[in-house]
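> Below you'll find the structure I mean.
The values are calculated or read from the model by the stated rules, or taken from the named source; none is laboratory data. Just so we're clear, the structure is a prediction, and the values are computed from it rather than from any experiment. Using ideal geometry, Cβ is built from the backbone for each residue, glycine included, and neighbour counts are taken over all protein chains shown. Just so you know, the surface numbers come from the protein's heavy atoms only, side chains and all, with ligands and any DNA or RNA stripped out. Shrake-Rupley method; radii C 1.70, N 1.55, O 1.52, S 1.80 Å.
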2 protein chains.
Amino acid sequence: MSETSPENGTIQTFLTELASAAPTPGGGGAAAISGAMGAALVSMVCNLTIGKKKYAEVEAELKDVLARSEGLRVVLTGMIAEDVAAFDAVMAAYGAPKATDEEKAARAEKIQAALKTATDVPLACCRACRAVIDLAAITADKGNLNVISDAGVAVLSAQAGLRSAALNVYINAKGLEDRAFADERLEELEGLLAEAGTLTEQVYAVVKAKVN
Amino acid sequence: MSETSPENGTIQTFLTELASAAPTPGGGGAAAISGAMGAALVSMVCNLTIGKKKYAEVEAELKDVLARSEGLRVVLTGMIAEDVAAFDAVMAAYGAPKATDEEKAARAEKIQAALKTATDVPLACCRACRAVIDLAAITADKGNLNVISDAGVAVLSAQAGLRSAALNVYINAKGLEDRAFADERLEELEGLLAEAGTLTEQVYAVVKAKVN
């Protein structure tokens, strides 16, 4: 990974670039960071539960959760750069020459291929955020009570990441000519959103009850 | 601001520290970053709307929104460090000597003072996130249609920041002996949460309709 990759920039730099008129990083990168913060906070709750006598009964389960949350954190952090690459590919395809019929056909094909990737990248972000929500639910239920609010922040971050990335799935799927491809993705997305919405509110209520 | 302040660390470093067993950065810092990402995305939509002929009619209004979102971004970014300081002050107060009655009394007073700050810091984050939601609503309504999804991500990030910071208000207000102080904060918070919940769903629906 290069020194100038989005993941290795400072938080200040990322926020300044997010605010700027440059098209990337944009909402897709913010979605990935929200999901990654959710995964990191699941890990934090696990790390502050594992090894404590009081929580010995859940230790094995939370070690498994930690391995999975750390894996998801790596995946989601990598999606900051994947989002930029997918956007750039769509822009490059639209910029391809279109003087002749052959060029027009090649350009149209490139655009469709780039839009497929630009649909699948945020959908993968949605799936990863959905998985973080499941892990946040376990930590909210079984994690160290002293840091249980962090499980609540984890679920909110992951849910914001999911719904944010969903907007990019909608945008790019809309431009697809292969409707079977698009409809399959949109159907999966609706399932992810429906489950996640209910679960997030359940987890937040559990956490709120524990901190009050 | 020092080179090692939370705001100047890389995204990777922040996420790794978030995931670690260290108590800070934790959910409070993540809440501030969510809010700051929301403010930055409002700014992005403004920056990609201002100066475009098609949006000349809303230019003056979006210039004003931009000035306010950039102000909120600075405030929210600063709250990453304020959250750490407030937490450290509470921990330091609990760690104060308590061998004599005088020490016990001084320690109790310190704890209460630190808890008041640790209630007010996340409440200020909630207020700032609430303000970002209002600005996101304007950009979702009037911003450049090509980047309207970023207004949707802005509102989701700000709302996640608000509800996340709310958990820290609850936790710290719970320990306050000055119930008038605590109840005043909790009442304000409930108002912020109620308004924000409704508005966030309205803005998300507007954006979803525009991208579909």
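> Looking at (1) more than 16 Å from A:A86 (Cα to Cα); (2) open to solvent by less than 30 Å² (accessible area, probe 1.4 Å), which is the only condition A:A118 fails?
For A:A118, the exception is condition (1).
> Same structure again: Restricting the stretch B:10-37 to residues that are of a type outside the set (A, V, I, L, M, F, W, C), at the interface with another protein chain (Cβ under 7 Å from one of its Cβ atoms) and open to solvent by less than 20 Å² (accessible area, probe 1.4 Å), which is nearest to B:V132 (Cα to Cα)?
B:S34
> If you check B:A96 against the conditions, is it open to solvent by less than 50 Å² (accessible area, probe 1.4 Å) and more than 26 Å from B:L162 (Cα to Cα)?
Yes.
> Out of the stretch A:141-198, which residues are open to solvent by less than 30 Å² (accessible area, probe 1.4 Å) and among the charged types (D, E, K, R)?
A:D150
> Can you give me the number of residues within the stretch A:159-199 that are among the β-branched types (V, I, T) and more than 10 Å from chain B (Cβ to nearest Cβ)?
Total meeting the criteria: 1.
> Do any residues in the stretch A:98-119 that are more than 25 Å from A:V169 (Cα to Cα) have Cβ atoms under 7 Å from those of residues that are open to solvent by less than 70 Å² (accessible area, probe 1.4 Å) and among the charged types (D, E, K, R), where the two are at least six apart or on different chains, and which pairs are they?
A:K98/A:R107
> Taking the stretch B:8-60, which residues are in contact with a Pro (Cβ under 8 Å, 6 or more places away or on another chain) and free of Cβ contacts under 8 Å to residues at least 12 places away in the same chain?
If the condition is that a residue be in contact with a Pro (Cβ under 8 Å, 6 or more places away or on another chain) and free of Cβ contacts under 8 Å to residues at least 12 places away in the same chain, then B:I11, B:E17 are the ones that fit.
> Still on this structure, I have one more. Being under 19 Å from B:G35 (Cα atoms), open to solvent by less than 50 Å² (accessible area, probe 1.4 Å) and more than 9 Å from chain B (Cβ to nearest Cβ), is that true of even one residue in the stretch A:55-67?
No, because not a single residue in the stretch A:55-67 is under 19 Å from B:G35 (Cα atoms), open to solvent by less than 50 Å² (accessible area, probe 1.4 Å) and more than 9 Å from chain B (Cβ to nearest Cβ).
> Only residues that are open to solvent by 10 Å² or more (accessible area, probe 1.4 Å) and more than 8 Å from every other protein chain (Cβ to nearest Cβ): list them for the stretch A:43-54, please.
A:I50, A:G51, A:K52, A:K53, A:K54, listed by residue number.
> Given the criteria at the interface with chain A (Cβ under 8 Å from one of its Cβ atoms) and of a type outside the set (K, R), does B:A40 qualify?
yes
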